[in-house]
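Remarks on the structure that follows.
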Amino acid sequence: MSASRGSVRSTVVWEALEPLLAGDPLDVLDIGGGTGGFAVRVAGLGHRVSVVDPSPDALAALDRRARELGVAVSAHQGDLTSLDVAPDSVDVVLCHGVLEVVPDPPAALAALHGVLRPGGRLSLLVAQRNAAVLARAVAGHFAEALTLLDATEPLGRTGRRFTAAEATRLLTDAAFAVDVVHGNRVFTDLVPGAILDVEPGSVAALADLERAVAGRAEFLPLAAQLHLLATR
């Protein structure tokens, strides 16, 4: 993946988070935050950020990145099954790319609900199943596409995937109020890297297009990921 494509892949999510992170310092918990792609950036805004991730290598990379940029991030090895966070102690939880691989998504969301303060916000980013079906069909993997079509349990290395209705229902069942559902990476994964590398202005134009379709319901089934913001 080119650096230019990588920047576009996080545009919609980051811009949706910016209003949540404006103002006074907040206590932010990043579950599965890995090498700190979001955590370091959030800490740079002056917030108190804790990352929980099962990979010691990822946490070491997070520490290096934070030190290079001169920000403080608290790192803890663990996962949602061993979450050592006080109840009602967090203002914002980032849970990006985690619900796909946890054993019990409802229990995971209940745990996150418990650590948030009343009125706290959850940023949930999950893989979207319809787009994965389309990608496999276009690549000629028709049997895989058919298997994935109605699969609600983990399949392969990327784990389970969700539709917008399924992800919304999981959140409401966990007593969250869903504020918004965005589509992320509607077109970005489909554009040949050579175009972004050689066509002047193509990266900015693609980012503009992703912004334009992110909130349009008709494009949600095409999005590689769904980004949901919810309130406890």
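The values are calculated or read from the model by the stated rules, or taken from the named source; none is laboratory data. The shown structure was predicted, so the numbers you read here are calculated from the model rather than taken from an experiment. As a convention, Cβ positions derive from the backbone with ideal geometry for all residues, glycine included, and neighbour counts pool all protein chains shown. The accessibility values were calculated without ligands, DNA or RNA, using every heavy atom of the protein model including side chains. Shrake-Rupley method; radii C 1.70, N 1.55, O 1.52, S 1.80 Å.
A count restricted to segment 196-214 and to residues that are open to solvent by 20 Å² or more (accessible area, probe 1.4 Å), over 15 Å from Gly6 (Cβ atoms) and without any contact (Cβ under 8 Å) to a residue 40 or more places away in the chain stands at 8.
Among the residues of segment 77-94, are any touching a residue at least 40 places away in the same chain (Cβ under 8 Å), in contact with a Gly (Cβ under 8 Å, 6 or more places away or on another chain) and open to solvent by 20 Å² or more (accessible area, probe 1.4 Å)? Checked against the condition, which is being touching a residue at least 40 places away in the same chain (Cβ under 8 Å), in contact with a Gly (Cβ under 8 Å, 6 or more places away or on another chain) and open to solvent by 20 Å² or more (accessible area, probe 1.4 Å), segment 77-94 yields at least one hit. Looking at Val181, Val213, just one residue is of a type in the set (A, V, I, L, M), touching a Gly at 6+ places or on another chain (Cβ under 9 Å) and assigned to a strand (DSSP E or B), and that residue is Val181.
For segment 1-16, which positions are part of a loop (DSSP other than H, G, I, E, B) and in contact with a helix residue (DSSP H, G or I) (Cβ under 8 Å, 6 or more places away or on another chain)?
Taking segment 1-16 first, the residues part of a loop (DSSP other than H, G, I, E, B) are 1-2, 10.
Answer for segment 1-16, where residues must be part of a loop (DSSP other than H, G, I, E, B) and in contact with a helix residue (DSSP H, G or I) (Cβ under 8 Å, 6 or more places away or on another chain): Met1, Ser2.
Filtered by the rule that a residue be farther than 17 Å from Asp91 by Cα and open to solvent by 60 Å² or more (accessible area, probe 1.4 Å), segment 101-123 gives Val101, Pro103, Asp104, Pro106. The criterion of at least 2 residues that are within 21 Å of Arg232 (Cβ to Cβ), in contact with a Leu (Cβ under 9 Å, 6 or more places away or on another chain) and not polar (S, T, N, Q) is met by the following strands (runs of 3 or more DSSP E) wholly inside segment 17-97: 27-31, 48-53, 90-96.
Here is the figure for segment 218-232: residues that are open to solvent by 70 Å² or more (accessible area, probe 1.4 Å) and free of Cβ contacts under 8 Å to residues at least 60 places away in the same chain total 1.
Screening Val71, Val52 for residues that are among the β-branched types (Val, Ile, Thr) and in contact with a helix residue (DSSP H, G or I) (Cβ under 6 Å, 6 or more places away or on another chain) leaves exactly one candidate, Val71.
The lone criterion from (1) assigned to a loop (DSSP other than H, G, I, E, B); (2) buried (at least 16 other Cβ atoms within 10 Å of the Cβ) left unmet by Thr158 is number (2).
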